[in-house]
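The values are calculated or read from the model by the stated rules, or taken from the named source; none is laboratory data. Keep in mind that what you see is a predicted model, and the values were worked out from it rather than measured. Positions of Cβ are generated from backbone atoms using ideal geometry, with glycine treated the same way; all protein chains shown enter the neighbour counts. Accessible surface areas use protein heavy atoms only, side chains included; no ligands, DNA or RNA. Shrake-Rupley method; radii C 1.70, N 1.55, O 1.52, S 1.80 Å.
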Amino acid sequence: MVKKRVLVVGGTGYLGQQLLQGFSEIQGDPFDLAFTYHSNPPQALLDALPYLLAFHVDLKTGQGFEAISQTFGQPDVVVNCAALSAPRACEMDPSAAISINVPSSLVTWLSNFKETSTLLIQLSTDQVYEGVKSFYKEEDETVPVNVYGESKVAAEKYVSEKCLNFAILRSSIIFGPHTISPVPKSLPIQWIDGVLSKGEKMEFFHDEFRCPVYVKDVVTIIQVLTSRWMSEAKQMQLLLNVGGPDRVSRLQMAEAVAHIRGYDISLIKPVSASSVDRGVKSPSDISMNIDKLVQTLNISPISFIDGVRLTLTAEAKS
């Protein structure tokens, strides 16, 4: 039996590593797995999952894709997790944000294959929304307030115009346990836990809302899309909000961690987001309606509090 091929672009990031781990754990080992990295190959990841193929790719130029064609072949599914995702970095260098976040070199490479049998799963963001109401739906207008959001809207447009088969996932904050190889960005729940465990007072925004989603739910969503694509083999053009069921502020996130850990809640000080200059405009309420996700894929992401509990339990074990 010829195995199906899954390529994770940006496999060294938080979601990328979790995906590679999740796909590796599927019973019967049905997939050949490869990933791209930009700077250094993550040794801990390759040691833990030795059968992964790793390819060095420069997304700006497309250098490195040819080696994938020769060694791995045409993927059945490509999951694009690669992004310049720090809003402030995007604000300071808009051209880098566009050249990394709009997957032109990736899509051009895929279009060179004779068969149009590849599904592109493109990770987008809740930051495509303006943030002036609650529970945005997929068909609501995209009005990003910062360069990061603009670059992801441009990416969505590019993918939907150039690709025959795609699934665009507008993801909220993704949280969960640590990855095999450490990632440079601090993980939200672990960071809050670290701060509160020191017993110091800390300020958290009470007036910015998102729908954080547990990482294992995002992995499941991508696995379901993958298996549906491979079994049904019919055209797929999907746009889905990917969030958890709960609309929470940073303050409520901190309170959830304190509640589970038994920390002193009086350490948590509410502050308005407008009182802090982060060098980038941030949308105030980009909570999302996830009815379409639940109905289309028959998946119900777990509640925020349950996700935090699972995250902290995993941290305690490691």
Residues of the range 270-293 with amide N under 17 Å of a point placed 7 Å along Cα→Cβ from residue 134: 284-291
Cα-based helix-to-principal-axis angle, 14-24 vs the chain, degrees rounded to 10: 50
In nm, spacing of pseudo-spin labels at residue 203 and residue 261 (7 Å Cα→C-beta vector): 2.0
Stretch gain in nm, segment residue 269-residue 318, where the contour uses 0.36 nm per residue and the Cα spacing is subtracted: 14.7 nm
Candidates 123, 297, 239, ranked by Gaussian network fluctuation over the chain, Cα under 10 Å, top entry: 297
Sequence of 137, 162 when ordered by accessible area, the most exposed leading, probe 1.4 angstrom: 162, 137
Number of Lys pairs (Cα under 21 Å; 8 or more positions apart or on different chains) in the range 184-318: 9
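Subtract the Cα-Cα distance of residue 295 and residue 278 from 0.36 nm times their separation in residues, and report this length gain in nm to one decimal.
Values: separation 17, 0.36 × 17 = 6.12 nm, distance 3.71 nm.
Additional length available on full extension: 2.4 nm.
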In order through the range 297-309: 3J(HN,Hα) via Karplus (6.51 cos²θ - 1.76 cosθ + 1.60), integer Hz, x for Gly, Pro: 10, 6, 10, 10, x, 6, 5, 4, 4, 5, x, 5, 4
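Ignoring ligands, DNA and RNA, please state the percent of accessible area on the range 55-110 from carbon and sulfur, probe 1.4 Å.
Numbers: 1260 of 2330 Å².
Carbon and sulfur: 54 percent of the exposed surface of the range 55-110.
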Acute angle (nearest 10 degrees) that the helix 147-162 long axis makes with the longest principal axis of the chain, alpha-carbon atoms: 30
For the range 244-318: rounded, prolate or oblate by the Cα gyration tensor [a/c cutoff 1.5]: oblate
Alpha-carbon centroids, the range 60-90 and the range 97-147: separation in whole Å: 14
Acute angle (nearest 10 degrees) that the helix 215-232 long axis makes with the longest principal axis of the chain, alpha-carbon atoms: 30
Accessible area, probe 1.4 Å, largest first, for residues 250, 210, 170: 250, 210, 170
Gaussian network model of the chain, springs between alpha carbon atoms under 10 Å - residue of 171, 275, 227 with greatest fluctuation: 275
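Work the Kirkwood hydrodynamic radius out for the range 1-101: mean of 1/r over every pair of different alpha-carbon atoms, inverted, in Å.
One decimal place: 14.3 Å for the Kirkwood radius.
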Protein accessible area in the range 234-278, 1.4 Å probe - carbon and sulfur %: 48
Gained length - residue 86 relative to residue 70, 0.36 nm times residue gap less alpha-carbon distance: 2.4 nm
In Hz, Karplus ³J(HN,Hα) per residue of the range 250-260 (6.51, -1.76, 1.60; θ = phi - 60°; x = Gly, Pro): 4, 4, 5, 4, 5, 5, 5, 4, 4, 4, 5
GluC sites (Glu not before Pro) within the range 24-106, DSSP loop, no more than 13 other Cβ atoms inside 10 Å: 25
Expected 222 nm ellipticity per residue - DSSP helices of 4 or more, -39500 (n - 2.57), all of the chain, to 500: -11500 deg cm²/dmol
For the range 93-207, projected area of the alpha-carbon convex hull averaged over all directions, nm²: 10.3
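What does DSSP give for the chain in terms of the percent of beta bridges that are antiparallel, rounded to the nearest 5?
Within the chain, antiparallel bridges account for around 5 percent of the total.
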Fluctuation leader among 11, 194, 243 - the chain, Gaussian network, Cα springs under 10 angstrom: 194
Karplus (6.51, -1.76, 1.60) ³J(HN,Hα), θ = phi - 60°, over the range 43-54, in Hz, Gly and Pro reported as x: 4, 4, 5, 5, 5, 6, 10, x, 8, 6, 9, 10
